[in-house]
Structures are given as C-alpha cells and as structure tokens.
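Below: one structure, written as structure tokens.
The values are calculated or read from the model by the stated rules, or taken from the named source; none is laboratory data. Note that the coordinates shown come from a computational prediction; the quantities given were computed from them, not determined experimentally. Cβ placement follows ideal geometry from the backbone for every residue including glycine, while neighbour counts extend to all protein chains displayed.
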Amino acid sequence: MQPAAYSPVRPNEELRSRVIEFCRTHGADLIGFAPVKRWEEFNEVPPEYRPQSLFPPAQTVIVIGLAMPLPIVETTPSFLHKELYTTCNQELDSIAFNLTRFLNRQGLASYFFTRDGYASLSALKKKPYAAFGHTAAARYAGMGTIGLSRNLLTPEFGPRVRLVSVLTAAQLEGQPVMEKDLCIQCQACVKCCPKNALKARDDQIRGDFDVNLCIDQHIELVKQRCYPCGICIKVCPIGKDRALYKQKGIVKKYLHEAEVLASNPDAPEYRSWTHVRRHGGRLPQ
Ligand code: SF4
Ligand code: SF4
C-alpha cells in the first residue's frame, strides 16, 4: 500500500508571523526558517539525516535558539554551567513540543527533534553522530555560520546558543543563508581546548575535530558532576553578547587561564570563576 500523499501548504506569511510570535512569547531568542530543499542544494548532510528522510511531509525546518548567558558559560566546567545547560535544554524541548502541537492544531503535520539526538555519551562514543544536526539546520536557516570549532556562530551570541528544530509540512519562507563567515580564525578555541580535539586547516574555515577526544572529556566531566565542557564556546570572541557584558578583549585572559591557575589556584583575576568551581564537587573547597 502506498503511503498517504501529503500536499504541501503554500508559503504563508501570516502563519510565519504567528510562528515567530509564538516562539518569542515562549522565550525564543533566535528563530530561523530553512526550506528542506537546502539540504539537497548544499548536499553536505548524508541523505538519511535530511529532514524529508526523517519526516517525509517536511517542507520547512523551524530552528529555535536560546542564548546561554556568557558569565555563566565562563565558569565552565562547573555545576552552575551544568544547571544552565539542563535548564536551557528543558526550555528548548518545551518550546519545540508546544510549537509542534500548535502547528498540528492548524492541520500542519509537524514533528520535533530534541536538542540532543544521541541519548547518552556511551551511545555517542559507539556512533558519534546525532540523529539530526541542528547546527546544519541553523546554518540553512540563515542564523549563522560554522566556525573553526564546528560550532554555529551567530552574530548575536557567537556560539553561546543552543538549538532545537521543528520539522513541519508548512511551507514557510526561509531567510537567506549567510555568505560571509563569522569565524575570524583567531584559534582561541584550538588553544584552549583541554583535549586538543580541534585543529585548524589551511584549506577551509572548519577545523578538524576529534570527536572521541571531546567525548572522553565529557565522560570525565560527568564523573565530576560538571558536564558539559563548552570551553570552545566560552572563549569564542564572536557575538554581541560580549558588548552587553563588557567582555570584549578578554581572550588573553582565557588563553592564560589554565597556566595561571596551575601555578596559583587563588589568582584573584579568576576568582569569580574558581569560587563557583569550588562548589558542587569540581575543585577542593
Ligand atoms: S574561537 Fe576564533 S577560531 Fe574558534 S570558532 Fe571562534 S572565531 Fe573561529
Ligand atoms: S567541548 Fe571542550 S573538549 Fe570538546 S572541542 Fe570544545 S573545548 Fe574541546
């Protein structure tokens, strides 16, 4: 028996505005729309990971982003950063779940992918890919570009934004994909990665990434109750959030952090971060 045919809805400006309003009302910081044909045009994502392979009626992927406040990200690895990560994930899933139901109520078949698509670190170690890539979706939705660290860099928050995606039969107009790379190849992410998991390349902006080294770091941090790492996200100088927190020009402080704290764990310039790390089991009290 043939599967039921889905007839795509025509581009709908009014619905697009209502989706934006819905997401904003529910707390979204960034919202993007990626027509599914972009996965075919760019031909970067393996076919089985593309929206229509996962959900055949999909015409548009709506990507929702929540910002991670920089001063909390700066404490990583810490229990505080872990709590922020958990809260952000719950909020993202809640927005996506509610948006999916909102669209379904309009008669538009929709489906969402939780912000992490791999279940656990041990599962990720065996198969180092999420079931759906929100980073690629956000790029195709015109929300940012991929940096050396392979994180999505956005003009607003650099990589300090977490993402979730709603796949929908609604045909909604996409934003243009950003052409100019936001990554300035400063290599702060490469130099600060505690596992040397990132390496710059001469032939492209995106660096080489050893996912197993990164997963190993996360497995260690789970034992210390301060997962995830996110140091490459903390140190990236891109993002207007740095101006909000008056944290421009701070990269030198990040680059010297490990060395200074190794010789003086009480170094006063890092005290606001080490104070947090001395709670929750990360560092000696
Ligand atoms: S830290 Fe520098 S090199 Fe790394 S992604 Fe950000 S801008 Fe690019
Ligand atoms: S999350 Fe941590 S270990 Fe993984 S690449 Fe970024 S800095 Fe390195």
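Return yes when THR114 is modelled with pLDDT under 95, out of contact with any Ser or Thr (no Cβ under 8 Å at 6 or more places or on another chain) and among the polar types (S, T, N, Q) and no when it is not. The answer is yes for THR114.
Determine which member of the set ILE184, ILE219 is away from ligand 2 (no atom under 13 Å from the Cβ), on the phi < 0 side of the Ramachandran plot and not small (Gly, Ala, Ser). Spell out how you get there, then give the answer.
Values: ILE219 fails: away from ligand 2 (no atom under 13 Å from the Cβ).
Only one candidate qualifies: ILE184.
The residue list HIS256, HIS218 contains one member that is within 16 Å of ligand 1 (Cβ to nearest atom), of a type outside the set (Gly, Ala, Ser) and more than 24 Å from LEU30 (Cβ to Cβ), which is HIS256. Considering (1) at positive phi; (2) crowded, with 16+ Cβ neighbours inside 10 Å, the lone condition that LYS246 does not fulfil carries the number (2).
Applying the criterion of being in a strand (DSSP E or B) and either within 16 Å of ligand 2 (Cβ to nearest atom) or of a type in the set (Lys, Arg) (or both) to the residues of the stretch 150-170, the residue that is farthest from GLY133 (Cα to Cα) is GLY158. The combined condition, being exposed (fewer than 13 other Cβ atoms within 10 Å of the Cβ), more than 21 Å from TYR270 (Cβ to Cβ) and of a type in the set (D, E, K, R), is fulfilled by LYS223.
Of the helices (runs of 4 or more DSSP H) contained entirely in the stretch 12-61, those carrying at least 2 residues that are closer than 17 Å to VAL177 by Cα fall at 37-42.
Got a sec? Which of PHE55, PHE79 is of a type in the set (Phe, Trp, Tyr) and either over 29 Å from TRP273 (Cα atoms) or without any contact (Cβ under 8 Å) to a residue 24 or more places away in the chain (or both)? Spell out the reasoning first.
Numbers: PHE79 fails: either over 29 Å from TRP273 (Cα atoms) or without any contact (Cβ under 8 Å) to a residue 24 or more places away in the chain (or both).
When all the criteria are applied, what remains is PHE55.
Only one of these is of a type in the set (Val, Ile, Thr) and within 19 Å of GLU44 (Cβ to Cβ): THR114, THR135, THR168. Name it. Of the residues listed, the single one that is of a type in the set (Val, Ile, Thr) and within 19 Å of GLU44 (Cβ to Cβ) is THR135. Filtered by the rule that a residue be touching a residue at least 60 places away in the same chain (Cβ under 8 Å), among the aromatic types (Phe, Trp, Tyr) and in a loop (DSSP other than H, G, I, E, B), the stretch 106-149 gives TYR129, PHE132. When ILE146 is tested against (1) within 11 Å of the chain's Cα centre (by Cα); (2) at negative phi; (3) buried (at least 24 other Cβ atoms within 10 Å of the Cβ); (4) within 16 Å of ligand 1 (Cβ to nearest atom), exactly one condition is not met: (3). Take the conditions more than 12 Å from ligand 2 (Cβ to nearest atom) and surrounded by fewer than 21 Cβ atoms within 10 Å (Cβ to Cβ) and apply them to LYS195. Does it pass? So LYS195 does not fit the description; no.
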